[in-house]
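Undergrad: Dropping the structure in here first, questions after.
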Amino acid sequence: MHDLLAENLRFVDLTLVGVLFLFFVGFVGGLVSGFIGSGGAFVLTPGMMSLGVPGPVAVASNMCHKFPKALVGAIKRYKYGQVDIKMGLIIGVSAEIGVQLGIQIQKFILEQWGQAGSNLYVSFAFVFVLVTVGSFVLKDAIQTKRSGGEEKVTMLAKRLQSIELWPMMTFKASKIRISFWFTAPVGLAAGLLAATIAVGGFAGVPGMIYIIGLSSLMASATELVVAFVMGLGGTMVWAFYGMVDIRLTLIILAGSLFGVQLGAIGTTYVKDYAIKFVMATIMLIVAVSRGLAIPKYLKQLEVIGWDAGFIDIMSKVSFGLMCFALLVGAFIILKAMILGRRAERQLEMEGAASHA
Amino acid sequence: MTTVQERRKKAKGQAIIFGALSVALYAAVFSFADTMVHLFAKGGLYTALPIATVFLFSYVHGNFTGNVWTALGIEASAKAGRATEKAGAAKRTDSRNRATVTA
């Protein structure tokens with residue numbers, strides 16, 4: 001792979017606008033990551049490519065900023081007692097296996113149907129997974145809010161926890177005892193999705209909530225450990241082939257470390273289901289965005305014969321919607337955080353007044 | 001237990017120190033950007049270079065960003081704070097007077 005791209009073609013000249021764009025998307029992506037455990041990659045990779053960065057370098061540089069960001073976010077949330085390190089590491093290792101499986105599937109599709117076929121598969125996976133999981137999470141968030149905001153462990157998770165299947169594992173931090181064979185599919189699905197659409201958390205977090213039985217707060221924080229394990233493994237492979245552009249990585253990292261800390265602080269002010277709301281909203285908007293990108297690949301495969309100008313507009317709207325998804329997520333997080341802080345201060349002032 | 005003012009004052013100092021270090025690191029990287037980009041892209045054993053660099057930046061810049069938010073008064077909810085303080089309180093050593101023998 002090292003010879004795949006000539007060295008002078010691999011690294012673009014950076015403009016001030018490009019740097020500011022990456023810093024800003026890094027910040028917003030970090031904010032969302034710190035809050036829901038994943039996010040940002042789906043805008044950063046195409047964003048970098050629109051600046052002229054070749055695909056593999058964009059993926060590699062994005063991956064290289066992901067694991068230190070996840071590490072900083074995980075440490076912050078660990079201090080708030082929200083991380084199950086053991087669960088994160090075990091799911092992270094199974095996710096690595098899922099990534100390898102995902103790469104093999106991608107390779108097979110690429111050999112069979114070429115680049116357009118591969119892009120089409122990625123877009124379909126995006127739309128199918130995000131619509132299915134996103135609507136389920138949104139429905140659950142609405143129900144939880146209506147029933148007073150108290151999260152309940154799903155029947156499925158309770159049933160799986162009651163099955164004694166060797167090897168059983170005890171997770172002290174989340175107070176869960178469950179068989180390895182029920183945590184492994186969650187990791188595999190997260191890895192498979194990470195290798196396909198670059199956002200494994202969209203499978204990992206709902207998997208940990210609905211299949212294993214963690215709270216949204218715990219699942220989103222533990223996902224940062226999973227992202228660290230997956231990101232470090234992925235970066236080692238990409239860096240081995242010399243695909244990391246350290247300048248791009250460090251610019252995104254500069255913004256995302258501000259964001260990830262703020263997102264982590266935000267989780268302490270909201271009810272658990274707020275995480276589900278943000279995650280579902282982002283997933284559903286991104287699903288629409290990827291849906292708009294599908295005609296481009298269908299045209300490349302000569303399945304449809306739509307006007308090229310129209311398809312170009314659809315692709316631009318698609319990218320715009322992805323940025324919009326991230327901004328909506330950031331808006332909900334910041335609003336919830338400001339309201340939460342205000343309510344807490346009000347309580348403190350009332351408490352102080354009653355003591356006086 | 002530290003007061004909010006004490007915590008913010010300490011964070012300000014830390015933010016200045018880690019901010020200066022962070023600026024120095026970024027200045028160093030972008031002064032030698034071309035050389036670094038090509039060296040880091042050699043692959044093979046050079047894989048360790050980008051990984052070590054991002055770890056260093058995440059420590060220095062991460063400490064800077066964390067302290068910036070604290071210095072600005074943007075901190076976790078008192079509920080989360082109380083949990084950590086309780087844990088800290090449990091580790092406190094016994095400071096009661098001891099019976100001593102003076103010869």
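Undergrad: Condition first: without any contact (Cβ under 8 Å) to a residue 24 or more places away in the chain, more than 19 Å from residue B:30 (Cβ to Cβ) and of a type in the set (S, T, N, Q). Now tell me which residues in segment B:60-82 satisfy that.
TA: The answer is B:77, and nothing else.
Undergrad: Something else about it: Scan segment B:40-54 for residues that are under 17 Å from residue A:247 (Cβ atoms) and polar (S, T, N, Q) and report the count.
TA: Count: 1.
Okay, residues lined up against (1) open to solvent by 40 Å² or more (accessible area, probe 1.4 Å); (2) at pLDDT 90 or above:
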{"residue": "A:245", "(1), (2)": "no, yes"}
{"residue": "A:255", "(1), (2)": "no, yes"}
{"residue": "A:280", "(1), (2)": "no, yes"}
{"residue": "A:284", "(1), (2)": "yes, yes"}
{"residue": "A:291", "(1), (2)": "no, no"}
{"residue": "A:297", "(1), (2)": "no, no"}
{"residue": "A:303", "(1), (2)": "yes, no"}
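Undergrad: Exactly one condition in (1) more than 14 Å from every other protein chain (Cβ to nearest Cβ); (2) open to solvent by 10 Å² or more (accessible area, probe 1.4 Å); (3) in contact with a Lys or Arg (Cβ under 9 Å, 6 or more places away or on another chain) is false for residue A:40; which is it?
TA: (2)
Undergrad: In segment A:208-224, what residues are more than 16 Å from residue A:270 (Cβ to Cβ) and either part of a helix (DSSP H, G or I) or out of contact with any Phe, Trp or Tyr (no Cβ under 9 Å at 6 or more places or on another chain) (or both)?
TA: Restricting attention to segment A:208-224, the residues satisfying the condition of being more than 16 Å from residue A:270 (Cβ to Cβ) are A:208, A:210-214, A:222-224.
A:208, A:210, A:211, A:212, A:213, A:222, A:223, A:224 - these are the residues of segment A:208-224 that are more than 16 Å from residue A:270 (Cβ to Cβ) and either part of a helix (DSSP H, G or I) or out of contact with any Phe, Trp or Tyr (no Cβ under 9 Å at 6 or more places or on another chain) (or both).
Undergrad: Among the residues of segment A:223-236, is any crowded, with 24+ Cβ neighbours inside 10 Å, within 11 Å of chain B (Cβ to nearest Cβ) and not small (Gly, Ala, Ser)?
TA: Taking every residue of segment A:223-236 in turn, at least one turns out to be crowded, with 24+ Cβ neighbours inside 10 Å, within 11 Å of chain B (Cβ to nearest Cβ) and not small (Gly, Ala, Ser).
Undergrad: Hey, another quick one. Assess whether residue B:84 counts as being surrounded by fewer than 11 Cβ atoms within 10 Å (Cβ to Cβ), under 20 Å from the mean Cα position of the chain (by Cα) and at pLDDT below 80.
TA: Criteria not met by residue B:84.
Undergrad: Here is a check on your reading of the model: is residue B:10 modelled with pLDDT under 95, within 9 Å of chain A (Cβ to nearest Cβ) and either part of a helix (DSSP H, G or I) or open to solvent by 80 Å² or more (accessible area, probe 1.4 Å) (or both)?
TA: No: the conditions fail for residue B:10.
Undergrad: Return a yes/no flag: does segment A:299-312 have any residue that is touching an Asp or Glu at 6+ places or on another chain (Cβ under 7 Å) and touching a residue at least 12 places away in the same chain (Cβ under 8 Å).
TA: Within segment A:299-312, not a single residue is touching an Asp or Glu at 6+ places or on another chain (Cβ under 7 Å) and touching a residue at least 12 places away in the same chain (Cβ under 8 Å).
Undergrad: Take the residues in segment A:169-206 that are assigned to a loop (DSSP other than H, G, I, E, B) and over 13 Å from the mean Cα position of the chain (by Cα), then tell me which one is farthest from residue A:131 (Cα to Cα).
TA: A:172
Undergrad: Just the residues that are among the small types (Gly, Ala, Ser) and facing another protein chain (nearest Cβ under 7 Å), please, taken from segment B:37-61.
TA: Those that are among the small types (Gly, Ala, Ser) and facing another protein chain (nearest Cβ under 7 Å): B:41, B:43, B:44, B:58.
Undergrad: Taking segment B:8-31 only, how many residues are closer than 13 Å to residue B:65 by Cα and in contact (Cβ under 8 Å) with a residue 40 or more places away in the chain?
TA: Final tally of qualifying residues: 8.
Undergrad: Test residue B:64 against the stated conditions and say whether it is farther than 21 Å from residue A:232 by Cβ, facing chain A (nearest Cβ under 9 Å), among the aromatic types (Phe, Trp, Tyr) and surrounded by 19 or more Cβ atoms within 10 Å (Cβ to Cβ).
TA: Yes: the conditions hold for residue B:64.
Undergrad: Continuing with this model, one more query. Checking residue A:92 against (1) away from chain B (no Cβ under 14 Å); (2) closer than 24 Å to residue A:286 by Cα; (3) out of contact with any Ser or Thr (no Cβ under 6 Å at 6 or more places or on another chain); (4) buried (at least 19 other Cβ atoms within 10 Å of the Cβ), which test does it fail?
TA: (2)
Undergrad: Which one is most open to solvent (accessible area, probe 1.4 Å) among residues in segment A:257-278 that are among the hydroxyl-bearing types (Ser, Thr, Tyr) and assigned to a helix (DSSP H, G or I)?
TA: That would be A:273.
Undergrad: Given the condition touching a residue at least 24 places away in the same chain (Cβ under 8 Å), touching a Gly at 6+ places or on another chain (Cβ under 6 Å), more than 18 Å from residue A:89 (Cβ to Cβ) and of a type outside the set (S, T, N, Q), answer yes or no: does some residue in segment A:145-152 qualify?
TA: Scanning segment A:145-152 turns up no residue that is touching a residue at least 24 places away in the same chain (Cβ under 8 Å), touching a Gly at 6+ places or on another chain (Cβ under 6 Å), more than 18 Å from residue A:89 (Cβ to Cβ) and of a type outside the set (S, T, N, Q).
Undergrad: Ok, one more. Condition first: more than 9 Å from chain B (Cβ to nearest Cβ) and of a type in the set (Asp, Glu). Can you find one or more residues in segment A:156-168 that meet it?
TA: The answer is yes, given that some residue of segment A:156-168 is more than 9 Å from chain B (Cβ to nearest Cβ) and of a type in the set (Asp, Glu).
Undergrad: For segment A:1-43, which residues satisfy the criterion of being at pLDDT below 90 and either in contact with a strand residue (DSSP E or B) (Cβ under 8 Å, 6 or more places away or on another chain) or within 23 Å of residue A:219 (Cβ to Cβ) (or both)?
TA: Those that are at pLDDT below 90 and either in contact with a strand residue (DSSP E or B) (Cβ under 8 Å, 6 or more places away or on another chain) or within 23 Å of residue A:219 (Cβ to Cβ) (or both): A:38, A:39, A:40, A:41, A:42, A:43.
Undergrad: Condition first: crowded, with 19+ Cβ neighbours inside 10 Å, more than 14 Å from every other protein chain (Cβ to nearest Cβ), part of a helix (DSSP H, G or I) and in contact with a strand residue (DSSP E or B) (Cβ under 7 Å, 6 or more places away or on another chain). Can you find one or more residues in segment A:65-88 that meet it?
TA: yes
Undergrad: Could you give me the residue pairs with C-beta distances under 6 Å whose first residue belongs to segment B:32-59 and is surrounded by 14 or more Cβ atoms within 10 Å (Cβ to Cβ), whose second residue is not in a helix (DSSP H, G or I) wherever it lies, and which are 6+ apart or on separate chains?
TA: Close Cβ pairs satisfying both conditions: B:37/A:11; B:41/A:242; B:42/A:242; B:43/A:2; B:43/A:241; B:43/A:242; B:50/A:244.
Undergrad: In this structure, is residue A:202 modelled with pLDDT under 95 and in contact with a Ser or Thr (Cβ under 6 Å, 6 or more places away or on another chain)? Don't jump to the end; show me each part of the working.
TA: Numbers: modelled with pLDDT under 95: yes; in contact with a Ser or Thr (Cβ under 6 Å, 6 or more places away or on another chain): no.
So residue A:202 fails the test.
The values are calculated or read from the model by the stated rules, or taken from the named source; none is laboratory data. Since the structure is predicted, the reported quantities are computational estimates derived from the model, not experimental observations. Positions of Cβ are backbone-derived with ideal geometry, glycine not excepted, and every protein chain shown enters the neighbour counts. Note: areas computed on protein heavy atoms with side chains; ligands, DNA, RNA excluded. Shrake-Rupley method; radii C 1.70, N 1.55, O 1.52, S 1.80 Å.
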